Amino acid sequence: MATINYYLDKQDKKGFAPIHLRINCNGSQIKISTGKKINPNNFNKTTKEVKGADKDSLEINHYLNFLKKRADELLNHSYKKTYTEKEIKDLLNEHIDNYKENHNVNIVREQLSLYGKPFTFVDLFAGAGGFSEGFLQAEVRNKFFDFIAASDINENCELTHVVRYNHQLGLDAKFLSQDITEPDFLDNLLGKIGAKKIDVVCGGPPCQSFSLAGKRKKFDKKDDLFFHYLEVIKVLQPKYFVMENVKGILTKEKGKIGELILKEINSIIDVNEIPKLISFIKKMKKSGKQNDFIIDCLIKRIEIEKHNEPRKEESKETYIRFVESKFRLLTPKIVDYKTSKTDDKISTIRHGFNILIRNKEWEKLKRDIIKEKDFCNIDNDFYVDTFTHFLTQLGTSEIIDKIQKAFSQLNVAKEFDADCSDIISALKIYTYSFDDTIEYIRSTCNESQEQELNEIIESIRLYKIEKPFIANASNYGVPQNRERVLFIGCRKDQKYISEIPPTVTENQKVSIFEALHDLDFVGNNQEAHHYELVDISKQYNGTAKKMKSLIKKRTIDGKPNSKAGKTFSEWSKQGRLIKRFNNANKPFYVRNTDALKNGEKFYDVLNNHKTSNQNETVVKRLEVILKEGGYKKAQLKLNECGLSSKKRNYNVLKPEQQSPTVMTIPDDYIHYNSPRALTVREMARLQSFDDSFVFQGKRSTGGNNRKTEVPQYTLVGNAVPPLLARAIATEILKNIR
């Protein structure tokens with residue numbers, strides 16, 4: 001066993017003594033300078049620690065403890081049996097150099113200045129930062145992206161962002177950790193952005209949970225995220241926006257959800273063009289097809305689009321009060337005074353207006369109830385129907401349906417039928433999207449009016465989008481078959497982008513083996529903090545030639561380039577960021593936000609490369625599945641060996657293929673060469689994250705904690721693959737004006 005300790009060397013002229021690491025092993029001694037100097041009076045010779053409880057002392061002691069642990073791992077707990085003295089010195093000096101480089105400046109280094117035009121972007125629902133990484137890797141004809149701000153709801157997303165973009169890359173990118181549905185979210189985001197104009201907004205708001213408007217079957221916090229995302233677009237009005245989602249969104253409810261998304265995007269308008277549309281609607285009064293009341297309602301509905309919060313809520317209230325005033329004038333004509341005060345149908349109509357006028361307050365109440373419902377895990381139980389029914393009844397469409405029902409049951413004289421019908425029509429117009437309102441107007445137009453309306457609509461729509469685009473990440477140099485839907489909104493003054501051209505052909509795609517082969521030196525329940533040489537010839541013996549043939553030299557985006565290219569793993573180690581970041585600090589890991597504040601950083605060469613501690617039964621089960629070539633194929637053998645499992649599926653990775661979609665549970669995948677799950681770093685490679693991108697915080701979590709925590713595996717699995725994001729960013733830079 002080796003002994004590892006610290007001692008102080010001779011003092012310099014200023015009275016400071018260098019701290020040295022001393023290793024005694026088998027009669028040999030190794031001495032390594034830690035790069036730290038202190039006053040000898042501040043060093044506890046017994047504990048070999050710096051005295052004091054101030055931040056600097058705590059940080060130095062953490063660093064010394066970290067370095068001692070890494071030395072102990074090499075000498076006493078390594079999966080590699082022996083190291084030479086030089087290897088030990090070199091490996092420990094890599095950690096020490098990382099520490100020194102990070103402490104040569106206060107927090108960050110300046111990026112290299114680039115000649116050219118920076119375009120700004122904001123990343124919403126940012127998660128780990130897959131979109132951000134890809135955008136910072138893109139550069140076209142001296143055009144590149146400047147990262148302004150990101151947002152997500154989780155603390156570990158913020159921690160990963162702050163470490164990567166602020167501390168490591170030296171950017172001033174802000175992070176807003178807040179629920180996008182909160183009333184002050186937009187104000188807070190604008191506060192982070194400041195006076196900067198935003199050119200591109202990217203993000204992946206979950207759309208899976210909502211059903212058609214007014215007919216939601218399940219209420220949770222994800223219901224309105226898409227609509228709130230579009231509210232940000234309306235306010236920032238970027239030149240382009242990119243919205244990413246799962247492929248299944250296009251077939252949900254027989255394609256109607258996809259149509260709804262397009263309709264909402266088409267409803268984002270250029271407010272400067274609204275006066276033209278209002279003038280057109282006013283001219284319709286002369287046609288006599290609609291009465292003045294409905295025309296005025298259409299105008300007021302269009303005018304709502306001019307405003308952002310809170311003016312929009314005021315405009316909505318003005319609309320409802322306008323319709324209510326018609327009902328007040330009508331009431332004495334259709335019922336006597338006593339009936340107007342006691343009849344439940346009249347009360348339903350009157351109170352319905354009250355609820356609609358107080359829409360803002362009711363929406364806040366709904367948000368609070370949904371939050372509490374989620375917090376208490378109310379789902380698939382005896383409570384959920386009650387909550388769902390109550391929340392459904394608060395919907396605008398349900399309120400209006402009850403008002404309509406009340407009108408239908410009133411015994412109104414025929415001469416007032418039209419007035420009642422107009423009130424119902426006006427309330428329905430209130431629920432219309434901008435697109436629905438235009439279609440209503442179009443239905444009343446003659447041929448010449450329709451032509452004029454089309455010209456106005458062409459100029460009033462702020463964004464051009466015809467249909468979503470399905471992108472498979474493997475077409476962009478990512479070793480993973482991950483299909484995602486992209487909605488790319490192009491502002492009307494920008495060039496139209498309808499698709500993202502693939503960077504590789506089918507037979508040029510990056511294989512799993514090419515992505516992971518150099519990380520295949522860890523076994524069950526092991527953690528690596530530096531790279532080890534992987535000898536393919538020894539590992540694969542008879543198939544070594546075939547395995548080596550899978551490794552190709554490429555450009556960053558995956559195109560084969562045998563002369564000047566690098567392998568996927570080489571790109572992962574070197575990093576794919578543009579030369580602006582050549583002076584970036586070395587990567588480091590922290591356990592949580594407090595650890596970052598206290599300087600408790602881990603300066604490893606390789607991060608996030610730890611295997612799970614799987615018991616003997618699980619390992620045997622994985623061995624059988626791996627040998628049989630798949631979970632289904634192995635069922636009979638597993639039953640025979642008493643190794644059957646209730647787990648729904650295991651994905652055996654095929655080295656020559658691309659991986660299936662990377663999710664958030666590592667146990668879903670079996671390594672192609674070992675009976676084990678993947679490490680965070682291996683999953684990050686399959687997502688195309690550089691090795692210098694360190695996933696912070698907890699490695700994994702389980703149970704109900706999965707609802708609130710976003711550990712490393714979740715950060716990886718939920719991310720947009722950076723190389724896919726890079727392809728998107730590159731296409732935007734080619735076209736942006």
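Using amide H atoms built in the peptide plane, which far-off residues or other-chain residues are under 5 Å from Ile269 H to H?
Placed amide hydrogens put Leu462 under 5 Å from Ile269.
Of the listed peptides 375-382, 519-526, what is their order by residue-averaged count of other C-beta atoms within 10 Å, with the highest listed first?
Ranking the peptides 375-382, 519-526 by packing returns 519-526, 375-382.
For Glu532 and Lys646 in one chain, what is 0.36 nm times their gap in residues minus the Cα-Cα distance, to one decimal in nm?
37.4 nm
Which peptide among 10-22, 86-98 comes first, and what is the full order, when sorted by highest mean count of other Cβ atoms within 10 Å?
86-98, 10-22
What are the ³J(HN,Hα) values, in whole Hz, obtained from phi via the Karplus relation 6.51 cos²θ - 1.76 cosθ + 1.60 with θ = phi - 60°, for each residue of the range 141-149 in sequence order, with x given for Gly and Pro?
Calculated HN-Hα couplings, in order: 6, 6, 9, 8, 10, 10, 7, 9, 7 Hz.
To the nearest 0.05, what FRET efficiency results for Thr543 and Gln508 with a Förster distance of 22 Å applied to their C-beta separation?
Efficiency, from the Cβ-Cβ distance: 0.50.
For the chain, what proportion of DSSP beta bridges, expressed in % and rounded to the nearest 5, is antiparallel?
Details: 37 of 60 bridges.
Percent antiparallel among DSSP bridges in the chain is about 60.
Given only helices, namely DSSP H runs of n ≥ 4 each adding -39500 (n - 2.57), what is the per-residue ellipticity at 222 nm of the chain, to the nearest 500 deg cm²/dmol?
Working: 28 runs with 308 residues, N = 737.
The helix contribution divided over the chain gives -12500 deg cm²/dmol.
With θ taken as phi - 60° and the coefficients 6.51, -1.76 and 1.60, list the Karplus ³J(HN,Hα) couplings across the range 319-326 in order, rounded to whole Hz; mark glycine and proline as x.
For the range 319-326, the Karplus curve yields 4, 5, 5, 5, 5, 4, 4, 5 Hz.
Grab the beta carbon distance between Glu314 and Asn166, set R0 = 30 Å, and tell me the FRET efficiency rounded to 0.05.
0.20
Could you list which residues have their amide H under 5 Å from that of Asn651, counting only those 5 or more apart in sequence or on another chain, with H placed in the peptide plane?
Residues meeting the amide H criterion: Tyr669, Ile670.
Between the range 473-547 and the range 370-418, how far is it from one alpha carbon centroid to the other, in angstrom?
Value for the Cα centre distance between the two parts: 50 Å.
In straight Cα distance, which lysines are under 19 Å from Lys282, not counting same-chain residues fewer than 8 positions off?
Lys300, Lys306
May I ask which of Lys492/Lys734; Lys620/Lys646; Lys316/Lys405; Lys610/Lys633; Lys467/Lys495; Lys509/Lys552 have a Cα-Cα span longer than 20 Å here? Mind showing how you got there, number by number?
Working: Lys492/Lys734 16 Å; Lys620/Lys646 15 Å; Lys316/Lys405 23 Å; Lys610/Lys633 29 Å; Lys467/Lys495 16 Å; Lys509/Lys552 10 Å.
Flagged as over cut-off: Lys316/Lys405; Lys610/Lys633.
Roughly how many Å is it from the Cα centre of the range 134-174 to that of the range 1-33, as a whole number?
Using only Cα atoms, the two centres lie 40 Å from each other.
Give me a comma-separated list of calculated 3J(HN,Hα) values for the range 487-500, in order, Karplus coefficients 6.51, -1.76, 1.60 applied at θ = phi - 60°, integers in Hz, x for any Gly or Pro.
Along the range 487-500, the couplings run 9, 10, x, 10, 4, 4, 8, 10, 5, 6, 10, 9, 7, 10 Hz.
If packing is taken as the mean number of other Cβ atoms within 10 Å per residue, what is the order of 576-582, 240-246, highest first?
On the way: 576-582: 17.7, 240-246: 23.3.
Top to bottom by mean Cβ count within 10 Å: 240-246, 576-582.
Scaled to the compact-protein estimate 2.2 N^0.38 Å, what is the alpha-carbon radius of gyration of the range 605-737, rounded to two decimal places?
1.22
Would you list which aspartates and glutamates come within 14 Å of Lys707, measuring only between C-alpha atoms, while excluding same-chain residues fewer than 8 positions from it?
Filter leaves Glu155, Asp220, Glu372, Asp374, Asp379.
Taking amide H positions as placed in the peptide plane 1.01 Å from N, state which residues far from Ile148 in sequence (5 or more) or on other chains have amide H under 5 Å from it.
Correct list: Phe121.
Any read-out appearing in this document is the output of simple, stated calculations on the displayed coordinates, not a laboratory observation. None of the values given here were measured: they were computed from a predicted structure. Using ideal geometry, Cβ is built from the backbone for each residue, glycine included, and neighbour counts are taken over all protein chains shown.
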